[in-house]
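Structure first, then comments.
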Amino acid sequence: MDDNLLRQFENCLQFEPPWCAAACPFHLDVREFISRLQRGNADAAYKVFRDAVAFPAIVAALCPAPCKTACIRRESDEAIELNLLERACLAHAARQEPNSYNVPQKNKRVAVVGGGISGLACCLRLAAKKYQLTVFERGARSGGHLWQRLAPEVFLAEFERQFQFVDYELLLNKEITDLAALAEFDAVYVASGSGGADFGLLAQGNPVQINAKTAVFCGGSLLGKNTVEALADGLTAAAAIERYLQTGIPQPAQDTCATKIQIDRAKLQPAPRVAPSQGYLYSLDELVKEAKRCLRCQCDACRTYLDLTAYYNKWPLRIKDEIQATLLPGRADLKAVPAKRLINSSNLEGTLKQVCPAGIDIDSLLLAARHNLHAQGKQPWGFHHFWLADMAEANSDQAALARAPRGKTKCKYAFFPGCQLGASDPRYVSVTYCQLLRDEADTGILLCCCGAPANWAGDTELHEQALEQIRRGWQALGQPTLLLACPMCKRQLRQYLPQIPTAFVYDWLKPPSPGQASGAYAVFDPCASREEPELRAKIRELARAAGCSLEPLPQNEACQQCCSWGGQTALANPDYTKSVINKRIGESKLPYLTYCANCHDIFAAHGKDNAHILDLLYAIRPPQAAPPTVSERRANRRELKKQLLTELWQEAWPPPSAEQGDKRPLLITPALQKRLDQERIFEEDIRRVVIFCESGGRKVWHPQGEYYCGYCEIGPMTYWAQYRQSGSGFELLNFYAHRMKIDLEVVWNGRKTVADL
Amino acid sequence: MAEKQLLICDKCQVALEISGVHFSYLNHSFQAQVPRCPNCGQVYLTEDFVTGRMRQVEWELEDK
């Protein structure tokens, strides 16, 4: 697989901190803190706050709140009152006692020079992890310049609370004048305060290794930080010291306030700031209300627009990891394959590439994954067999056609309607083609599939065969410009057969006369029209010219999402597919105007009135018309070829068949026809089951129900039919199908003996 | 196959008997007791079996 498909995820912004958290000296997990406050759970929010700042009461009282300057909400109204929320959280949290952990003592000793807020923060964090801490304070009391900033009862009570389960040694009136006195310690944190001794270290760097064992780190007011920054410095120094103690490599404390986060500005709906009703303290209700103003900023365009991430409740980074795990060579029994169905549930519509600020193209990864699975022989055939059979049929002699206009062998243009338009209704193709011929006589026709089903199944070889069929047809017609009706065909041809010039047939059609159509529609732009702004404009122009009024469909206009057909997911994940369809048809109550045969028929099959643009131009089907069943689609394609050859080329088609098959009729009720369609089973195949059972006598008699039951393997599927004789033919009573193969079927069905195997 | 019912193999004109039948899908095998003709091996699967247990196993194997 192309490494770039994986490497692009390095640019993912999912874990970029929000602006407030980046500006916060502690990089407080604001999203989590606010989330807990939004639920009114001050106890849980307090834990997040304490874990980030070590001394919540001190920080809540003194923080200058740089988060307010950074808050994105200032673009629409006022910043979130994060500092007031912190104070309110403290006031409402009932459980503020720190946890006591039963962790074994570590044999590393750390000295802290200076008992101010920075030194104590570093001491608290490391001592809680059971390092052996000694604090050297030159004065007679700890707390440093907090004594000038805050009421002693506040910070002394806070020290007592947070240090209650922590052992450390505090040496008062003990001034360190030479670091050599600390040579026995494994690490030293110098936080001697504003104007304090730096032992000449600052000129050398931070940290400095003073002997083979000891590294010295500096921080706090010594470096000119304010109180809260000095506290934060102590915590980042603690992390750097712990890294040093674990690895032996002294590295600077890591602190970055940069973020690349991007969010959808449309989320910035004005919401007035909540003012505390009493002084500076929110009531619990006010706290929740103010917390709910917070957007909990996160780059989440993928979650907003991508159906797949919404359905699976997974972020693209996780999906990428699961795909990688799934594609690792090896038997599924021995390793996890978490994404096999997910890989085949994507509509491959390119949405993420459009909406992701980092331009991540997850669909190319998913498509490559399908090809990879297929190459490894791990792609379940049951996910795609129907569409591959459908494609084979469309590309067979029964339905495929490549013809120049009558009397010619080459042509300048050729109509390429794709395999689904004629399947939907042969008139979409025949009527449009006749119109084309009137305006541009040098137009041939090329009926076959664009190859998308094979590509989406991950079958590289079959895909190449489908492309070769188009290539051969195009060359036989003298390399004409192909006039396409389906945006998906255009996308496929542009990517895989870029040498073929293409245009949309709609640019060739004469504008309709006013009054030819009427009514209000919402234009549903198919996913593949995303790269075709001119096509989108042309469809609207034609519809308005015909006399329709067009209403906006804001979601679809913002991002052209798939009707559910893309990627062919319905067999791999019917539930997901249904959820996508329901979302799409729920975007407006108006009938849709579409220009993709698949959108058109899928919406119609789910009760959504919609018209194809060709319906408006040539009044082919009314918006309420039921779509054809899968069997009718197959028949429509054959009918189209027959119509074109007999009417335009005056050739007899199909040629007389020498086949003398069993012609006895099979009666199928409309209810069963509907079920066959829903289960994507061709009536022709069920008829083959009955004929097979009858011709070989391979059937079971059910005396209670008085019917026969038998089965037949067709392709990889096994179909069952329950039927009885009716007049000169048969009546179908029930059917079902399975993908699992009955072993020794060929023997039991009399086609082979055990000795043949 | 909880339900016992008389089923006749049309070719052999004998009653089907419950017997072990092997199925395979995606390189995995699966065995079930289903009615089968003791003479020619003709198998009978009910709709409940096919759309119930068998479909569930198919789904699980596809995820493997």
Test for A:Ile686: is it outside the structural domain of A:Asn573 (by TED's automatic domain parsing), out of contact with any strand residue (DSSP E or B) (no Cβ under 6 Å at 6 or more places or on another chain) and open to solvent by less than 70 Å² (accessible area, probe 1.4 Å) = no
Check every one of the helices (runs of 4 or more DSSP H) wholly within the stretch A:397-497 and list those with 3 or more residues that are farther than 30 Å from A:Pro627 by Cα and outside the structural domain of A:Ala572 (by TED's automatic domain parsing).
-> A:460-476
If you scan the stretch A:570-585, which residues turn out to be in contact with a Cys (Cβ under 9 Å, 6 or more places away or on another chain) and without any contact (Cβ under 8 Å) to a residue 12 or more places away in the chain?
-> none
Would you mind listing the helices (runs of 4 or more DSSP H) fully within the stretch A:1-68 where at least 3 residues are among the charged types (D, E, K, R)?
-> A:30-38, A:42-53
Just to be sure, is A:Ala212 of a type in the set (A, V, I, L, M), over 51 Å from the mean Cα position of the chain (by Cα), surrounded by fewer than 19 Cβ atoms within 10 Å (Cβ to Cβ) and closer than 14 Å to A:Ile249 by Cα?
-> yes
Answer residue from the stretch A:50-81, given it is within 32 Å of the chain's Cα centre (by Cα) and among the hydrophobic types (A, V, I, L, M, F, W, C) and is nearest to A:Gln96 (Cα to Cα) among those = A:Ala52
Does A:Val228 qualify as being assigned to a helix (DSSP H, G or I), in contact with a Pro (Cβ under 7 Å, 6 or more places away or on another chain) and surrounded by 19 or more Cβ atoms within 10 Å (Cβ to Cβ)?
-> yes
Do you know which of the residues in the stretch A:618-658 that are without any contact (Cβ under 8 Å) to a residue 24 or more places away in the chain, assigned to a loop (DSSP other than H, G, I, E, B) and within 40 Å of the chain's Cα centre (by Cα) is surrounded by the most Cβ atoms within 10 Å (Cβ to Cβ)?
-> A:Ala625
One residue from A:Arg141, A:Arg109, A:Arg125 being of a type in the set (D, E, K, R) and touching a helix residue (DSSP H, G or I) at 6+ places or on another chain (Cβ under 6 Å) | A:Arg125
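Only one residue in A:Phe136, A:Phe163 is within 24 Å of A:Asn211 (Cβ to Cβ) and of a type in the set (Phe, Trp, Tyr). Which one?
Values: A:Phe163 fails: within 24 Å of A:Asn211 (Cβ to Cβ).
Result: A:Phe136 is the single residue among A:Phe136, A:Phe163 that is within 24 Å of A:Asn211 (Cβ to Cβ) and of a type in the set (Phe, Trp, Tyr).
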Being open to solvent by less than 70 Å² (accessible area, probe 1.4 Å), in contact (Cβ under 8 Å) with a residue 24 or more places away in the chain and in the same structural domain as A:Ala57 (by TED's automatic domain parsing), is that true of even one residue in the stretch A:202-209?
-> no
Within the stretch B:33-62, residues over 24 Å from A:Pro574 (Cβ atoms) and either small (Gly, Ala, Ser) or outside any loop (DSSP other than H, G, I, E, B) (or both) come out as B:Gln33, B:Val34, B:Pro35, B:Arg36, B:Gly41, B:Val43
State whether one or more residues within the stretch A:467-476 are over 18 Å from A:Trp381 (Cα atoms) and in contact with a helix residue (DSSP H, G or I) (Cβ under 6 Å, 6 or more places away or on another chain).
-> yes
Going by the structure shown, is A:Arg74 free of Cβ contacts under 8 Å to residues at least 40 places away in the same chain and open to solvent by 60 Å² or more (accessible area, probe 1.4 Å)?
-> yes
Which one is nearest to A:Cys693 (Cα to Cα), of the residues in the stretch B:12-29 that are touching a residue at least 24 places away in the same chain (Cβ under 8 Å), part of a strand (DSSP E or B) and more than 7 Å from every other protein chain (Cβ to nearest Cβ)?
-> B:Val14
State all residues of the stretch A:699-742 that are more than 8 Å from every other protein chain (Cβ to nearest Cβ), part of a strand (DSSP E or B) and within 22 Å of B:Trp59 (Cα to Cα); if no residue qualifies, say none.
-> A:Cys712, A:Glu713, A:Ile714, A:Met717, A:Thr718, A:Tyr719, A:Phe735
A careful count of residues in the stretch B:41-54 that are at the interface with chain A (Cβ under 7 Å from one of its Cβ atoms) and either buried (at least 18 other Cβ atoms within 10 Å of the Cβ) or under 30 Å from A:Val337 (Cβ atoms) (or both) gives 8
Failed item, numbered, when B:Cys9 is tested on (1) buried (at least 19 other Cβ atoms within 10 Å of the Cβ); (2) more than 7 Å from chain A (Cβ to nearest Cβ); (3) more than 12 Å from the chain's Cα centre (by Cα) = (2)
Could you grab me the full set of residues in the stretch A:351-396 that are assigned to a loop (DSSP other than H, G, I, E, B) and among the hydroxyl-bearing types (Ser, Thr, Tyr)?
-> A:Ser396
For residues that are more than 13 Å from A:Pro316 (Cα to Cα), within 14 Å of chain B (Cβ to nearest Cβ) and not small (Gly, Ala, Ser), scanning just the stretch A:338-364, find the one that is least open to solvent (accessible area, probe 1.4 Å).
-> A:Asn344
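The values are calculated or read from the model by the stated rules, or taken from the named source; none is laboratory data. Treat the numbers as computed from the prediction; the structure is a model and nothing was measured. With ideal geometry, Cβ positions are generated from the backbone for all residues, glycine too; neighbour counts draw on all protein chains shown. Protein only, heavy atoms only, side chains kept; ligands, DNA and RNA dropped before computing areas. Shrake-Rupley method; radii C 1.70, N 1.55, O 1.52, S 1.80 Å.
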